[in-house]
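Data first, discussion second: the structure below is written as structure tokens.
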Amino acid sequence: MVIGVLALQGDFAEHKQKLAECGAECFEIRQLKDLERKFDGLILPGGESTVIGKLLREIDLFEPLKKKITDGLPVLATCAGMILLAKNIENDNTVHFGTMDITVKRNAFGRQLGSFHTSSEMKYIGEVPMTFIRAPYITECSGAEILAETDGKIVASKQGNQIALAFHPELDECIKIYEYFLSLCSDD
Ligand code: GLN
């Protein structure tokens, strides 16, 4: 099992650490030639979606990665990563991959609540800790399944092999979300 972790900006190192804890091999995707390697799943980390989106286009990673996602490569997208997958972004004109039928709102919890920690029940997985940092949430989930809500806001969803989380599982000790994601990735 090999997972590619997009490593242009943001907290990709923490995701690599979590994958290692789960016994999965991973490598960083930084340039086009990294895509020559075969991999079974993709992680889109948190960071700044505008910056990651711009870099993806500048170094020609955008189209090939989008194709892999639409072809069914399993993706775990967290926070800014979730924004990259959303078909609609309420408060941004630029849509990035747009491969999930969700509408998101950036920095949606407001300034005071910019960062906070909670825990909630997640479908297929159970109770998980959730760390939010200047997080988006999902305001509409037309074609995707809701996996978790907190405070009445949708914070996790799934569509086919794509999982989008508003929070940062890489910053908590729990590895249940990674184990679930890896169960969707097949290495045959
Ligand atoms: N606020 C960031 C954005 O809009 C996301 C924050 C994060 O990934 N922690 O891209």
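We did not get these values from a lab; they are worked out from the coordinates using the rules stated. The model shown is predicted, which means the values in this text are computed figures rather than measured ones. Here Cβ is always computed from backbone atoms with ideal geometry, including for glycine, and neighbour counts include all displayed protein chains.
Return the Cα extents of the chain along principal axes one, two and three, sorted largest first, each rounded to a whole Å.
Taking max minus min along each principal axis of the Cα atoms, the chain gives 42, 36, 28 Å.
I'd like the Karplus ³J(HN,Hα) series for the stretch 18-24: coefficients 6.51, -1.76, 1.60, θ = phi - 60°, whole numbers in Hz, and an x wherever there's a Gly or Pro.
In residue order, the calculated couplings are 5, 4, 4, 4, 8, x, 9 Hz.
Relative to the present Cα-Cα distance, how much length would full extension add between residue 58 and residue 149 at 0.36 nm per residue of separation?
Taking 0.36 nm per residue and subtracting the Cα distance, the gain is 29.3 nm.
So if R0 is 35 Å, what FRET efficiency would residue 27 and residue 117 give, r being the distance between their Cβ atoms, rounded to the nearest 0.05?
Values: r = 30 Å, r/R0 = 0.86.
The computed FRET efficiency comes out at 0.70.
How many nm separate the modelled label positions at residue 1 and residue 186, each set 7 Å beyond the Cα in the direction of the Cβ?
With each label placed 7 Å out from Cα toward Cβ, I get 1.4 nm.
Filter the trypsin sites (Lys or Arg not before Pro) in the stretch 70-166 down to the DSSP loop ones having no more than 11 other Cβ atoms within 10 Å, then list what survives.
On the way: sites: 87, 105, 106, 111, 123, 134, 153, 158; in loops: 106, 111, 123, 134.
For trypsin sites (Lys or Arg not before Pro) across the stretch 70-166 that sit outside H, G, I, E and B with at most 11 neighbouring Cβ atoms in 10 Å, the list reads 111.
Just 51, 155, 104 to compare: in a GNM of the chain, with alpha carbon springs under 10 Å, which one fluctuates most?
Fluctuation is largest for 51.
Which residues among the stretch 62-76 fall inside the zone where the amide N is under 17 Å from a point 7 Å beyond the Cα of residue 34, along Cα→Cβ?
62-69, 74-76
Given the rule -39500 (n - 2.57) for each run of at least 4 DSSP H residues, summed and divided by the residues of the chain, what is its mean residue ellipticity at 222 nm, to the nearest 500 deg cm²/dmol? Write out the running numbers ahead of the final one.
Numbers: 5 runs with 44 residues, N = 188.
Mean residue ellipticity, 222 nm, calculated: -6500 deg cm²/dmol.
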